[in-house]
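Worksheet: the structure to be examined is printed underneath.
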2 protein chains.
Amino acid sequence: MSLTIKLHLTSQLNNLGHKSKHNLAKSIYNINPLITIKKCKVKQRIKCNNSNKNMIKSSLIEPDGGTLVDLIVPESQRDSKMAEVESMAKVNLTRIDMEWVHVISEGWASPLRGFMRESEYLQSLHFNCLRMEDGSVVNMSLPIVLAIDDETKGRIGSSLHVALVGPLGDCVAILRSIEIYKHNKEERIARTWGTTAPGLPYVDEVITPSGDWLIGGDLEVLKPIKYSDGLDNYRLSPKQLRKEFESRNADAVFAFQLRNPVHNGHALLMNDIRKRLLEMGYKNPILLLHPLGGFTKADDVPLDVRMEQHSKVLEDGVLDPETTIVAIFPSPMHYAGPTEVQWHAKARINAGANFYIVGRDPAGMAHPTEKRDLYDPDHGKKVLTMAPGLHKLNILPFKVAAYDNRENKMAFFDPTRAKDFLFISGTKMRAYAKNGENPPNGFMCPSGWKVLVEYYQSSQAEEASQ
Amino acid sequence: MSLTIKLHLTSQLNNLGHKSKHNLAKSIYNINPLITIKKCKVKQRIKCNNSNKNMIKSSLIEPDGGTLVDLIVPESQRDSKMAEVESMAKVNLTRIDMEWVHVISEGWASPLRGFMRESEYLQSLHFNCLRMEDGSVVNMSLPIVLAIDDETKGRIGSSLHVALVGPLGDCVAILRSIEIYKHNKEERIARTWGTTAPGLPYVDEVITPSGDWLIGGDLEVLKPIKYSDGLDNYRLSPKQLRKEFESRNADAVFAFQLRNPVHNGHALLMNDIRKRLLEMGYKNPILLLHPLGGFTKADDVPLDVRMEQHSKVLEDGVLDPETTIVAIFPSPMHYAGPTEVQWHAKARINAGANFYIVGRDPAGMAHPTEKRDLYDPDHGKKVLTMAPGLHKLNILPFKVAAYDNRENKMAFFDPTRAKDFLFISGTKMRAYAKNGENPPNGFMCPSGWKVLVEYYQSSQAEEASQ
């Protein structure tokens with residue numbers, strides 16, 4: 001596996017000669033710096049007066065488009081907007097449409113200010129990016145669209161604006177200056193997933209049952225989206241995350257996207273990256289442990305169970321709570337591999353992350369009808385390093401960790417003694433938990449493992465009682 | 001239909017005030033200039049000494065990447081290269097692989113210097129463009145790849161370079177510093193065509209029967225590719241075309257891609273565009289009438305018939321031979337709509353064209369399994385105006401011409417008297433010719449029509465005798 005890294009060099013590193021920097025980079029990630037160090041950017045630092053306290057404050061990475069989008073209507077305007085929607089044509093949202101309203105409203109998709117109009121849709125579908133008025137380019141790999149059916153289209157008629165109605169029947173948003181265009185599902189699916197095989201979870205759940213039209217426009221969200229599931233406190237917006245990073249004086253933010261329980265191999269990797277960033281001269285790298293909170297496929301571990309498991313990992317000290325922020329990323333999951341990993345990375349730029357960790361086969365899954373991975377496991381990482389609009393982000397490739405039978409712990413895989421290592425896949429992990437077996441000692445912190453065992457055993461009990 | 005145009009303003013136009021220019025643009029193409037005039041670039045003009053003779057000479061548009069790629073081995077090195085290939089592993093080319101060798105060798109795909117390696121393939125597939133080392137972007141919407149099978153891969157082993165062998169058994173080229181990677185056909189097809197439905201001509205003919213690996217590398221072509229079909233004189237390389245434009249003192253070159261016979265509606269459009277360019281201040285706009293010469297589907301009119309028909313159109317004076325260059329574009333046809341039209345436009349930049357005419361549903365076809373167009377007929381034009389790397393090209397949208405029953409000639413469609421107009425599709429045209437019927441008077445010049453009738457009647461006779 002070839003490792004690549006783009007170094008975001010600190011002023012300390014910049015005092016080194018060109019050759020020393022390359023050697024340092026090489027020694028850190030065992031890479032060929034001639035190929036891989038693309039752009040060295042000096043981070044803007046603002047020294048506080050009291051330099052003894054090592055209070056170096058950094059400006060965080062700029063959100064896409066320069067300004068973080070925030071589409072929540074200010075409290076002062078809420079009543080007048082609520083009155084306005086009364087007379088508007090109504091468009092009903094599904095649960096997953098609501099997740100997108102949430103995502104757009106908080107600026108995860110900055111500079112996108114609403115559901116895509118056709119021009120944005122076509123650029124996203126064909127180029128995975130949007131060209132801004134000044135000629136600059138932002139990444140936008142997934143079409144973020146709202147589908148409506150013939151009947152709704154008829155009801156809208158020639159209206160300029162529509163009201164969006166949540167699954168509970170309450171008006172949650174206004175879509176202004178709308179544009180309605182055809183929803184060619186086959187083309188959307190083929191260009192997004194690189195296959196049209198039946199059995200893609202997001203396609204089956206969201207696209208196939210949806211209408212034959214797409215409606216784009218500018219979004220105004222009447223109040224922040226809440227789920228009342230006991231986890232809203234973890235749903236930090238990009239603005240809140242940026243504030244948190246600032247308040248912790250983060251000078252590097254490295255994001256880890258996940259939709260699985262955290263095992264000690266993940267923890268090893270994250271702690272290792274932190275160590276490397278410190279060696280590179282960063283004083284206070286903060287980890288954004290960022291589980292995806294929207295739609296996932298049926299056999300993924302549910303969000304509430306994962307959140308409990310992540311809490312245990314922090315309580316156990318496997319990850320350091322002082323330098324880790326756990327928050328929920330509200331996007332639904334597409335399982336669209338190299339196309340989707342760009343979205344996962346791009347959204348984290350908007351939340352203030354300037355380093356993004358990418359592993360084997362990100363956002364991938366098994367091919368729905370053939371016995372193989374849907375995507376080449378290396379393509380996600382490769383596409384991410386090439387993607388338009390993501391060149392300002394530092395891509396940190398995942399080192400593969402596995403259970404080291406000689407050391408009885410999770411360790412970075414050493415190909416020179418491959419036979420010592422045991423790869424514990426998600427499927428194998430689930431099998432252990434379902435059978436109430438323990439994985440090898442040191443695979444996961446015991447309290448975290450307990451959460452999983454309880455979840456799988458109660459699901460089995462539930463299934464049995466049905 | 002919304003029309004868009006990017007104006008390449010001459011110095012004459014630049015003497016007008018901002019408002020006047022916009023009004024002129026608006027009157028020419030009936031467009032909203034606020035939306036559509038994106039970048040006004042003054043063409044670099046070199047005035048010759050004898051200004052009375054109106055000898056204004058323009059530098060042509062720069063090829064993608066700055067330098068026109070030319071991969072034909074110089075005569076002086078041919079013998080030594082020919083000796084070198086003797087010991088190389090051999091890769092057999094199909095007829096269509098040879099068309100790509102031709103295309104790449106002459107620089108139509110500049111800055112591409114060979115069949116794509118994986119990094120270029122992935123960028124083409126996901127982003128329709130390649131990022132150059134200096135951060136600039138060139139358009140590259142179709143993967144230009146060479147497929148090999150397991151057996152060939154085995155034969156190549158760890159060779160660094162291979163020899164490419166044409167269908168007649170002669171070594172035509174060397175591929176240097178090769179890279180072999182997986183050919184995921186399903187993903188390639190889905191992302192290129194936006195469908196995986198069976199019955200796409202290029203897929204059935206080229207991709208499905210091809211091997212499961214792709215081989216990329218730098219191409220050295222041992223001698224210019226010739227077809228010996230009596231049409232090689234029309235196969236002008238981008239270098240030759242540029243020379244021809246220079247020698248004619250062209251100050252604007254407008255390209256018209258086609259794979260159908262030219263009727264008087266096409267001629268009306270091309271003559272109209274020339275007139276508009278003259279009104280805009282260009283002194284000598286040259287039309288590149290540029291029929292595609294590579295693979296086409298079975299029911300398209302064959303190249304030799306089309307070339308004969310085009311000759312008649314020029315002989316008849318329907319198009320002016322003084323200001324028109326007819327040449328063959330050697331690329332095979334994908335019928336991949338909005339993805340392919342970018343390739344068609346990009347290749348013409350390399351040949352020196354700075355204006356590109358785009359019509360309804362470019363490179364489109366009927367959906368192979370459903371009763372509808374495969375692509376939205378407006379998407380090609382829209383995608384073209386948005387495509388990365390094509391912003392330097394001026395896109396001229398096609399005005400729709402149809403047979404005007406009131407005037408008994410081809411004319412621009414006037415929606416206010418729609419009932420007067422007859423649309424003669426390709427299918428209808430073929431039906432007329434097959435039945436030996438004449439289309440309405442003024443649809444096509446009689447000598448050009450005769451070529452088509454003779455072709456269809458001889459094909460029918462051939463079929464009947466089988």
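Which FRET efficiency value, to the nearest 0.05, do you get for residue B:86 and residue B:400 by plugging their Cβ-Cβ distance into 1/(1 + (r/R0)^6) with R0 = 51 Å?
On the way: r = 57 Å, r/R0 = 1.11.
Using R0 = 51 Å, I get an efficiency of 0.35.
Report the label-to-label distance for residue A:435 and residue B:275 in nanometres (one decimal), using points 7 Å from each Cα along the Cα→Cβ vector.
8.2 nm
Please report, to one decimal in angstroms, the Kirkwood hydrodynamic radius of region B:241-348 built from all distinct Cα-Cα pairs. Intermediate values should be presented prior to the final figure.
Working: mean 1/r = 0.0684 Å⁻¹.
Evaluated on region B:241-348, it is 14.6 Å.
Could you derive backbone 3J(HN,Hα) for region B:134-142 from the dihedral phi with the Karplus parameters 6.51, -1.76 and 1.60 (θ = phi - 60°), listing whole Hz in sequence and x where the residue is Gly or Pro?
In residue order, the calculated couplings are 7, x, 6, 10, 10, 6, 6, 8, 9 Hz.
Arrange the residues B:155, B:188 by how much accessible surface each exposes, largest first, with a 1.4 angstrom probe.
Numbers: B:155 105, B:188 10 Å².
Largest accessible area first, the list is B:155, B:188.
Rounded to two decimal places and with Rh computed the Kirkwood way over Cα pairs, what is Rg over Rh for chain B?
Values: Rg = 22.9 Å, Rh = 23.6 Å.
Taking Rh as the inverse mean 1/r over Cα pairs, Rg/Rh reads 0.97.
How are the alpha carbon pair distances in region B:75-221 distributed across 10 Å bins from zero to the largest one, expressed in percent?
Each 10 Å bin holds this share of Cα pairs: 11, 41, 35, 12, 1.
If you take each beta carbon of peptide B:183-192 and count the beta carbons of other chains within 10 angstrom, what is the mean? Write down the numbers at each step before the final one.
Details: counts 0, 7, 0, 8, 10, 1, 4, 11, 8, 3.
The mean count of partner-chain Cβ atoms within 10 Å per residue comes to 5.
For the protein assembly as shown, just list the percent of Cα-Cα distances falling in each 10 Å bin from zero outward, please.
2, 10, 18, 22, 20, 14, 8, 4, 1, 0
Along Cα→Cβ at 7 Å, what distances in nm separate the residue B:198 label point from those on the other copies, shortest first?
1.6
For peptide A:386-396, how many partner chain Cβ atoms fall within 10 Å of a residue's Cβ, on average? It would help to have the intermediate numbers written out before the result.
Values: counts 8, 5, 7, 1, 0, 2, 0, 0, 0, 0, 0.
So the per-residue partner count for this stretch is 2.
Per the Kirkwood formula on distinct C-alpha pairs, the Rh of region A:359-466 is how many angstrom?
Details: mean 1/r = 0.0597 Å⁻¹.
Computed over region A:359-466, the radius equals 16.8 Å.
Percent relative contact order of region B:270-331, based on C-alpha pairs within less than 8 angstrom and at least six residues apart? Walk me through the intermediate numbers first.
Working: 51 pairs, mean separation 29.6, N = 62.
RCO, region B:270-331: 48 percent.
Treating the point 7 Å from Cα along Cα-beta-carbon as the label, what are the nm separations from residue B:79 to the other copies, to one decimal?
9.6
When the expected Rg is taken as 2.2 N^0.38 Å, what fraction or multiple of it is the alpha-carbon Rg of region A:415-466?
Details: Rg = 13.6 Å, N = 52, 2.2 N^0.38 = 9.9 Å.
Scaled against compact globular proteins, the figure is 1.38.
Considering only DSSP beta bridges with both partners in chain A, what is the antiparallel share in %, to the nearest 5?
Details: 27 of 49 bridges.
Percent antiparallel among DSSP bridges in chain A is about 55.
Would you mind listing the distances between the residue B:441 label point and the same position in each other copy? Use 7 Å along Cα-to-C-beta, nm, one decimal, shortest first.
10.1
Report the FRET efficiency, 1/(1 + (r/R0)^6), for residue A:249 and residue A:392, where r is their Cβ-Cβ distance and R0 is 22 Å, rounded to 0.05.
Values: r = 21 Å, r/R0 = 0.98.
My answer for the efficiency is 0.55.
Need one number: buried accessible surface between chains A and B, 1.4 Å probe, both sides summed, DNA, RNA and ligands left out, in Å² to 100. It would help to have the intermediate numbers written out before the result.
Working: alone 21070 and 21090 Å², together 39180 Å².
Counting protein atoms only, the buried area is about 3000 Å².
If you stretched the chain out fully between residue A:159 and residue A:185, how much longer would it get, using 0.36 nm times the residue separation minus the C-alpha to C-alpha distance?
Separation in residues times 0.36 nm, less the Cα-Cα distance, equals 6.9 nm.
Return a whole-number percent for the relative contact order of chain B, with Cα pairs under 8 Å and 6 or more residues apart as the contact set.
Working: 848 pairs, mean separation 77.7, N = 466.
Answer for chain B is 17 percent.
Restricting to DSSP H runs of at least four residues, report the calculated mean residue ellipticity at 222 nm for the protein assembly as shown, -39500 (n - 2.57) per run over all residues, nearest 500 deg cm²/dmol.
Taken over the protein assembly as shown, the calculation gives -10000 deg cm²/dmol.
Using θ = phi - 60° and the Karplus form 6.51 cos²θ - 1.76 cosθ + 1.60, what ³J(HN,Hα) does each residue of region A:300-314 get, whole Hz, x for Gly and Pro?
Ordered by residue, 3J(HN,Hα) equals 6, 5, x, 4, 5, 5, 4, 5, 5, 4, 4, 4, 4, 4, 6 Hz.
Of all DSSP beta bridges in region B:232-399, what percent run antiparallel (nearest 5)?
On the way: 1 of 18 bridges.
Bridges in region B:232-399 that DSSP calls antiparallel: roughly 5 percent.
The values are calculated or read from the model by the stated rules, or taken from the named source; none is laboratory data. Keep in mind that what you see is a predicted model, and the values were worked out from it rather than measured. Methodologically, a virtual Cβ is constructed for each residue, glycine included, from the backbone with ideal geometry; neighbour enumeration extends over all protein chains shown. What goes into the accessible areas is simple: the full protein's heavy atoms, side chains included, and nothing from ligands, DNA or RNA. Shrake-Rupley method; radii C 1.70, N 1.55, O 1.52, S 1.80 Å.
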